[in-house]
Amino acid sequence: ERMKRKWKGYIYTFYHPDPEIEYVAGKGGVPRRVHTFRCFNKGCKQTVRRYLDTGDRVSTGNMTRHAQRCWGEDAVKVAASYGTVERALEKVAKPMKISGKLTTAFAQQGKGKITYSTRQHTRTETKAEIAKWMAQSFRPFALVEDDGFKTLMRTGRPDYYIPSQSTVSRDIKRIFVRTCSRVARFLQEYDGDLSFVTDMWTSPNHIPYMGTTVTFEHEGQLVSLVLDVVQVAKVK
Ligand SMILES: [Zn+2]
């Protein structure tokens, strides 16, 4: 903690907040204590060592040089202008604007490999991510109040916000209603051919269902949406 207070320099904005403490052999085999800082940039594995037994302890030359290369000189300059790590982190290393809308997190969904942000979720993003996860993977809402889940989420960050199961349930219903009207509006305004398909089948417990899908081309991609699945009252 005492050391951390010395690390008020803005340059730490660009590194993981907790450096690893290591010992390396110095002259004559005398162990030297070093702090190994990992670059905070996405995908960057660069580490910078700082020796604690020399003047290096307060100099930040190597850290600055890597940050300038990795994040750009402008980012380092802007971070310097904010003074404290907290403010620099907020203004520079977290440049992503957070709109606070539940739909924001959905818009970011890309195809292919999943990448993880180095920034923690906001409350709204957590709610959106959990709603998306539960809806897409058919998870029971009660999972959010499961002790094992809470342990996984809150280890290392005990204040992490987790919505209650009634919040998740309400969010998913809200998203569903909004998505329905968005899809309806989209289809009504669609300039092209829409192909509707129905399919009927019987579940293993002998209940007949009918599903309706629509297929169309959108921005060069074939899109197929399930519009509804209804139980068929009587099959003659
Ligand atoms: Zn880097």
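The values are calculated or read from the model by the stated rules, or taken from the named source; none is laboratory data. Remember, predicted model here, so these are calculated numbers, not experimental data. Every residue, glycine among them, receives a Cβ derived from its backbone with ideal geometry; neighbour counts consider all protein chains shown. Quick note on the areas: whole protein, heavy atoms, side chains included, nothing else; ligands and nucleic acids left out. Shrake-Rupley method; radii C 1.70, N 1.55, O 1.52, S 1.80 Å.
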query = Pairs K45/K132; K150/K173; K42/K173; K77/K150; K77/K127: which are spaced more than 28 Å apart, C-alpha to C-alpha?
reply = K45/K132; K42/K173; K77/K150; K77/K127
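Convert 4 °C to kelvin, take the viscosity as 1.567 mPa s, use the Kirkwood radius over C-alpha pairs of region 191-236 as Rh, and evaluate the Stokes-Einstein diffusion coefficient in µm²/s, rounded to a whole number.
Rounded to a whole number, D works out at 107 µm²/s.
Leaving ligands, DNA and RNA out of it, rank F141, F216 by accessible area with a 1.4 Å probe, largest first. Can you show the working numbers first?
On the way: F141 70, F216 10 Å².
So, going from the largest accessible area down, we get F141, F216.
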ask   = Accessible area per residue, 1.4 Å probe, Å², for region 133-236: what's the number?
value = 77
ask   = Going 7 Å from the Cα of Q231 in the Cα-to-Cβ direction, what parts of region 180-200 have a backbone nitrogen less than 19 Å from that spot?
value = 199-200
request  = Leaving ligands, DNA and RNA out of it, report the carbon-plus-sulfur percent of the accessible area of region 191-236 at a 1.4 Å probe.
outcome  = 55
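Take the Cβ-Cβ distance between V214 and A135 as r, set R0 to 25 Å, and report the resulting FRET efficiency rounded to the nearest 0.05.
It comes to 0.80.
What relative contact order, as a whole-number percentage, does region 121-229 give when Cα pairs under 8 Å and 6 or more residues apart are counted?
Details: 97 pairs, mean separation 18.3, N = 109.
Averaging sequence separation for qualifying contacts and normalising by length gives 17 percent for region 121-229.
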request  = Using the Karplus curve 6.51 cos²θ - 1.76 cosθ + 1.60 with θ = phi - 60°, work out ³J(HN,Hα) for each residue of region 158-163 in order, rounded to whole Hz, and write x for Gly and Pro.
outcome  = x, 8, 4, 6, 10, x
query = Which order do D146, D171, D159 take by accessible area at a 1.4 Å probe, largest first?
reply = D159, D146, D171
